[in-house]
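Undergrad: Could you have a look at this structure, given as structure tokens, before my questions?
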Amino acid sequence: MTPDEGFSGATVLRCPHCEAESRERIPADACVVLHDCSACGREIRPEEGDCCVFCSYGAHPCPSAVDRGR
Ligand SMILES: [Zn+2]
């Protein structure tokens, strides 16, 4: 029940195309539906049903998904 259990707003995002992992910041109040991979340059989009790329490919779901699951 701690609102802030070490979540810094940063996560590791894994590219579904080339599997490169990069550290990215998650915006606290926005969903990232399009991200360009810094390794292969391709577009990363969320899987169907996920609200943002972090929910699909990040190490943590985005804050708004955590909010909804509560
Ligand atoms: Zn990539």
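Each reported figure results from applying straightforward, stated rules to the coordinates on display, with no laboratory input. Here the structure is a predicted model, which means the values were calculated and not measured. Neighbour counts run over all protein chains shown; Cβ positions are idealised from the backbone, glycine included.
Undergrad: Within the range 28-70, track down each residue that is surrounded by fewer than 15 Cβ atoms within 10 Å (Cβ to Cβ) and within 17 Å of Cys15 (Cβ to Cβ).
TA: Val33, Leu34, Asp36, Ser38, Ala39, Cys40, Gly41, Arg42, Glu43, Glu47, Ala59
Undergrad: What residue, among those in the range 55-70 that are among the aliphatic types (A, V, I, L, M) and in a helix (DSSP H, G or I), is nearest to the chain's Cα centre (by Cα)?
TA: Step by step, filter the range 55-70, then rank; the result is Ala65.
Undergrad: Would you pick out the residues in the range 9-54 that are more than 13 Å from the chain's Cα centre (by Cα), among the small types (Gly, Ala, Ser) and away from the ligand (no atom under 16 Å from the Cβ)?
TA: Correct list: Gly49 only.
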